[in-house]
Amino acid sequence: MPELEHLISPLKKIIIEAGAAILDVYHSDTPIEVENKSDDSPVTKADHAAHIIIDKGLKALATSYPVLSEEGGMESFEERRIWQRYWLVDPLDGTKEFINKNDEFTVNIALIDGAEAILGMVYVPVTGALYYGAKKLGAWKETKDSKEKIQAKPVKLGQDLTVVGSRRHGAEALEIMLKTIEPKFKSINLVSMGSSLKICALAEGTADWYPRLALTSEWDTAAAHAVLSAAGGKIMDAQLTPLEYNQKESILNPFFHAVGDSSFDWESLIDVN
């Protein structure tokens, strides 16, 4: 998809500029002001600043695709359902991590085609790490000093398994699930981290499985989903069917399983009933 390749360079500029605006707030001497949205989730000046930069940047591209952002207005499903392609954006993924100043927050931009995330870019403002990937083009991780192609790694029974999870959501259900599969592996290492970094860890092969047993929104997953798919992984719902976008009125995702090894028999580990 050569048209996707041409989007990567301008997207880098947009996402890095948004990250810089976030860091201006993050490193400010004044306390971070927090408001609560209608769903009781927190929002800050940094969320809004990043949204303005990304929305303006994407609308200036020659693509003319609609933009759906967590901090923008929500169009009705009647309007959204006729979109063939659109940008799906989380200007600041991991606002709670941002407020708690643990550095594990990201900027997420995805391009959705039909029900599929076909291009994604995830930027980590504090470290300067940039993950990106596109359908049929592969996935990469860039830092200030390097650029490398990334690939998810295979999973084998009887060997070590690295699982990533949220610090705040679904921890008890995840612990129960891991107990049931423990005998099938040499060891299970559970690593807690914030934002879309969990899915990026699968894409770069530092983790194997991310069971998400709590609610997320489509803009939380789309960008990293595209990176993971390009790196050889996938995200499935609780019945192990592909996670899709813009197919229902609610923007909420079902519970899901993000995995690095697409060929592994995940049904042998996951109860789909």
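A short reminder: the numbers here are calculations on the coordinates, not readings from a lab. Keep in mind that this is a model prediction, so the values were computed, not measured. Positions of Cβ are generated from backbone atoms using ideal geometry, with glycine treated the same way; all protein chains shown enter the neighbour counts.
Legend: distances between Cα atoms for Lys136/Lys234; Lys156/Lys198; Lys135/Lys234; Lys12/Lys144; Lys147/Lys234; Lys13/Lys59; pairs beyond 18 Å are Lys156/Lys198; Lys147/Lys234.
Put in line by how crowded their Cβ is, counting other Cβ atoms within 10 Å and starting with the fewest, Arg167, Arg80 read Arg167, Arg80. A straight chain from Ala60 to Leu23 at 0.36 nm per residue would run longer than the Cα-Cα distance by 11.0 nm.
Using only side-chain charges placed at the Cβ, +1 for Lys and Arg and -1 for Asp and Glu, the dipole size of the chain relative to its Cα centre rounds to 720 debye.
Between 0 and 90 degrees, the angle of helix 45-60 with respect to the longest Cα principal axis of the chain falls at about 80 degrees.
Neighbour counts of C-beta atoms inside 10 Å place Trp266, Trp219 in the sequence Trp266, Trp219, starting with the fewest.
Packing order of peptides 151-160, 130-139, highest average first: 130-139, 151-160 (average count of other Cβ atoms within 10 Å over each peptide's residues). Simple spin-label estimate for Glu148 and Ile82 gives 4.8 nm between the two label positions (7 Å along the Cα-to-Cβ direction from each Cα). Could you tell me whether region 2-149 comes out rounded, prolate or oblate from its Cα gyration tensor? Rule is a ≥ b ≥ c as square roots of the eigenvalues, rounded for a/c under 1.5, then prolate if a/b exceeds b/c, otherwise oblate. Oblate is the answer for region 2-149, as a/c is 1.5 or above yet b/c matches or exceeds a/b. The longest part of the chain holding none of the exposed loop GluC sites (Glu not before Pro), meaning those outside H, G, I, E and B in DSSP with at most 15 other Cβ atoms within 10 Å, is 76-248. Among Phe264, Phe256, the ranking by other beta carbons within 10 Å of each residue's beta carbon, starting with the fewest, stands as Phe264, Phe256. Between the Cα long axis of helix 2-26 and the first principal axis of the chain there is an angle of about 80°, rounded to the nearest 10. Comparing Cα centroids, region 68-120 and region 168-246 end up 18 angstrom apart. Shown here for region 184-273: trypsin sites (Lys or Arg not before Pro) in loop regions (DSSP other than H, G, I, E, B) with at most 15 other Cβ atoms within 10 Å, namely Lys186, Lys248.
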